[in-house]
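Notes to accompany the following structure.
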Amino acid sequence: MNDNTVQLWSDEPASTDLLAFGAVAETAVEAVLDDTLDPIALGVSGPWGSGKSTVLKLIKAELESRDAGEEDEANLDQRILVVETDPWRYDPDVGAKGTLILEVLNALKTELEGRDGGLGEVKGALTKLTERVNWVKALKLAARTSITLQLPGIDELTSLVSEGDVDEPAEPRNLDEFRRDFAELLADEHLRHLRRVVVLVDDLDRCLPDTVVDTLETMRLFLSVPKMSFVIAADEDRVADALRDRYPEADGSAGETEAPARLYLHKIVQTTLRLPALSRFDTEAYLLLLLLQRRTEADLADAHFNQIVGGCAELRISGGAMDSLRIPEGLDIAKEMQFAARLTPILYEKLLGSPRRVKRFLNDLNVRSSIARRRGIELNVSVVAKLMVLELLLPKEFETVLRWLARGELRRQLARLDEIAGRTVTTRRLGGSENREPPESTSKSTRTNKSTRTNKNTRAKPGRASPDTTEDETVESQGFSDNLIRWAKLPPSLEGIDLSPYLHLAASFAGTPLIDSGLPERLRDVASNLLSSSRASQKSVTDADIASLNLGDVQALIEHLGRMARDRPRDLIAGVDGILRVARVANAAQVAAAALKTIPVKEIKVPVVLLFTGHDAVTYQDLLQGWQVGTDDRRVAKAVGVQLKSQAVN
């Protein structure tokens, strides 16, 4: 993936088969072209986002590939006319019945206009069919006509004939006659080159119940004649739900095998092809192909991309793994393969095999990464992806992590979580580039023992904290959920990465306030101002404000500032400065020293040491000496030495 540009995937039906749905499309085409199934209505069913519209595109492409094209002596009766329609977009003022019939008639008219000979005669038949019906009355009448072909009264049928049609016989014209005339039109010698008129119906499951019923009735009552085929892409369950108002279950029908709504639907649709949800392999392959799809032609030629698509299809048939994918010589796709492999396990489970949800996750990831980057938050896209898995797919666990952030416990809790998840926690400095994983040689028993020891610590008895944790933190870490532990195992490791800026951004998008519930409400504004990067905000907290605090509030405030300084590298300097100031005014050096000792020595930088001037260097001499001995940073050790020496001289 490219970390420098925003890459989004369209939700429109794909023209390239990334999901190996070609098998479904080819099966559908064989059915609609089967002369023993003429006419036929075929369903393609699956939940929203499962790829139904893409399958319709594949069906259209397959039909066009089998189309004989221009009529010749060797290919009579081979032309296939494809009509695409979307009832969801129908004009409600025209109605579904009129719209669908006119779309079919107009497609036939366009087909005839492209051919020579006899056009006038056949076009006249088309015009008569179009003009014969008074659509307003037909809509009202057909709304009362059920699939059982129960015909209305003779007077109602007569009123459907256009009054100006004086050349026609005076007998009434009913629905059967319209269908018979339409059948005669398709059988006309000037249309004998048509093997099939295939109507591809999309998004029917998004329509209101009346549109669903009208569309289905039009197929059955008006257009169900030889040479006509329908492929309806819709979630069968949603269509049946829409039909339930018109065809409710009768009293005493609970024991029937099928509800009336489904009986109605199956009366029209002879059979349904169900789209399979993405398997684990499908999810990984789809992720990989989507990522590769965003490479430029210079990075990945179309021929190489199509070769990889074909390779994934072959592995799907053979039952192979993605590790066996043959990569075109000289092409490096290791980054994309690693990214797909990392995300597949949890996306496969949490996104329920939906291609649209996989694509949406990638879109959300790229948008969030772009916003974060433009806010000055520089995180590798793999880190953002791991955090977004938490945010989008594990919302309860995400709330837990935000609570840790608010309380200044994020880094310690994540370190503890890594231990339980079996990761090796290193002492790498913040900002380092290396992400060390558990060594391959580490035995399973060793990891299990470490996990067991950690669990013993985290599940301490009530009121008894582990040596390196506070009592409040013990409560938080007593039970990490299985989801959190599983999430922690996802690469990459988050150790040593400052996540707080990104999590603050994510919390703001979620509208979640980050409030340390352990800090009394009366102290929250004081703490916020002391931690602010604005000197004006810091100075807004006066010494008088601090001096007015009671001993309990002073201790709570200092401990809060200590947690923030320890947990958020960006707040380190402001936090230490605030601790020193509060302790100085409130005479609470002992409490301050305890809070400062919780900050890992490896986090201490020279600017922090320089805060200890004058009286503070003497007061916290033991603390500074501990930093001097414990640090690996020579500059920090030197700065501490200078501070201690200057005070000794004074």
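Mind counting the residues in the range 231-246 that are closer than 18 Å to MET219 by Cβ and part of a helix (DSSP H, G or I)?
6
Taking only the range 19-51 into account, find how many residues are assigned to a loop (DSSP other than H, G, I, E, B) and surrounded by 22 or more Cβ atoms within 10 Å (Cβ to Cβ).
5
I need a count of the residues in the range 322-338 that are surrounded by fewer than 19 Cβ atoms within 10 Å (Cβ to Cβ) and part of a helix (DSSP H, G or I).
Total satisfying the criteria: 6.
Among VAL389, VAL381, which is in contact with a helix residue (DSSP H, G or I) (Cβ under 7 Å, 6 or more places away or on another chain) and farther than 30 Å from LYS52 by Cα?
Answer to the check: VAL381.
For the range 531-650, list the helices (runs of 4 or more DSSP H) that sit wholly inside it and hold at least 3 residues that are open to solvent by 10 Å² or more (accessible area, probe 1.4 Å) and on the phi < 0 side of the Ramachandran plot; which are they?
Where helices (runs of 4 or more DSSP H) fall fully within the range 531-650 and carry at least 3 residues being open to solvent by 10 Å² or more (accessible area, probe 1.4 Å) and on the phi < 0 side of the Ramachandran plot, they are 535-539, 543-547, 551-567, 572-586, 589-596, 615-619, 621-630, 634-649.
Condition test on ILE573, is it under 20 Å from PRO501 (Cα atoms) and at pLDDT 90 or above?
Criteria met by ILE573.
List pairs: first in the range 284-305 and closer than 18 Å to SER382 by Cβ, second among the acidic types (Asp, Glu) and modelled with pLDDT of 90 or more, Cβ under 7 Å, 6+ apart or cross-chain?
The qualifying pairs are LEU288/GLU336; LEU291/GLU336; LEU292/GLU336.
Enumerate the pairs (first residue in the range 91-112 and more than 15 Å from VAL212 (Cα to Cα) and at pLDDT 80 or above; second residue anywhere and polar (S, T, N, Q) and not in a helix (DSSP H, G or I)) with beta-carbon separation below 6 Å, excluding pairs fewer than 6 apart on the same chain, so at least 6 apart or on different chains.
Close Cβ pairs (under 6 Å, with a partner that is polar (S, T, N, Q) and not in a helix (DSSP H, G or I)) amount to GLU103/THR85.
What is the number of the single condition among (1) without any contact (Cβ under 8 Å) to a residue 24 or more places away in the chain; (2) over 30 Å from VAL55 (Cα atoms); (3) not β-branched (Val, Ile, Thr) that LEU394 does not meet?
Going through the list (1) without any contact (Cβ under 8 Å) to a residue 24 or more places away in the chain; (2) over 30 Å from VAL55 (Cα atoms); (3) not β-branched (Val, Ile, Thr), LEU394 breaks only (1).
Name every residue in the range 473-490 that is loosely packed, with under 15 Cβ neighbours inside 10 Å and modelled with pLDDT under 85, in order of residue number.
VAL475, GLN478, GLY479
For the range 265-281, what are the residues that are in contact with a helix residue (DSSP H, G or I) (Cβ under 7 Å, 6 or more places away or on another chain) and surrounded by fewer than 23 Cβ atoms within 10 Å (Cβ to Cβ)?
Correct list: ILE268, THR272, LEU273, LEU275, ARG280, PHE281.
Which residues, counting only those in the range 345-372, are under 13 Å from the mean Cα position of the chain (by Cα) and either within 13 Å of LEU8 (Cβ to Cβ) or among the polar types (S, T, N, Q) (or both)?
SER354, LYS359, ARG360, PHE361, LEU362, ASN363, ASP364, LEU365, ASN366, VAL367, ARG368
Got a sec? Which of ALA592, ALA639 is closer than 21 Å to HIS560 by Cβ and either of a type in the set (Lys, Arg) or touching a residue at least 12 places away in the same chain (Cβ under 8 Å) (or both)?
Result: ALA592 is the single residue among ALA592, ALA639 that is closer than 21 Å to HIS560 by Cβ and either of a type in the set (Lys, Arg) or touching a residue at least 12 places away in the same chain (Cβ under 8 Å) (or both).
Say we look at the range 365-380 and pick out the residues that are basic (Lys, Arg) and touching a residue at least 60 places away in the same chain (Cβ under 8 Å); which of these is least open to solvent (accessible area, probe 1.4 Å)?
Taking the candidates together, the pick is ARG368.
Would you check if LEU290 is open to solvent by less than 10 Å² (accessible area, probe 1.4 Å) and in a helix (DSSP H, G or I)?
yes
Would you confirm whether any residue within the range 400-423 is open to solvent by 20 Å² or more (accessible area, probe 1.4 Å), out of contact with any Pro (no Cβ under 8 Å at 6 or more places or on another chain) and in a loop (DSSP other than H, G, I, E, B)?
No, that holds for no residue.
When the range 473-532 is examined, which residues are found to be in contact (Cβ under 8 Å) with a residue 60 or more places away in the chain and of a type in the set (Ser, Thr, Tyr)?
SER477, SER481, SER493, SER500, TYR502, THR512, SER517
Mind checking which pairs have a first residue in the range 614-634 that is in contact (Cβ under 8 Å) with a residue 24 or more places away in the chain and hydroxyl-bearing (Ser, Thr, Tyr) and a second that is surrounded by 13 or more Cβ atoms within 10 Å (Cβ to Cβ) and outside any helix (DSSP H, G or I), Cβ under 8 Å, 6 or more apart or different chains?
TYR620/PHE612; THR631/ILE604
Could you look through the range 513-530, keep only residues that are buried (at least 16 other Cβ atoms within 10 Å of the Cβ) and not small (Gly, Ala, Ser), and pick out the one that is nearest to the chain's Cα centre (by Cα)?
ASP516
What number of residues within the range 351-363 are part of a helix (DSSP H, G or I) and open to solvent by less than 50 Å² (accessible area, probe 1.4 Å)?
Of the residues in that region, 6 qualify.
Does the range 341-350 hold any residues that are open to solvent by less than 20 Å² (accessible area, probe 1.4 Å) and more than 21 Å from TRP48 (Cβ to Cβ), and which are they?
Within the range 341-350, LEU343, THR344, ILE346 meet the criteria.
The values are calculated or read from the model by the stated rules, or taken from the named source; none is laboratory data. Just so you know, these numbers come straight off a predicted model, no measurement behind them. In this analysis, Cβ positions are derived from the backbone assuming ideal geometry, glycine residues included, and neighbour counts consider all displayed protein chains. SASA here: full protein model, heavy atoms, side chains in, ligands and nucleic acids out. Shrake-Rupley method; radii C 1.70, N 1.55, O 1.52, S 1.80 Å.
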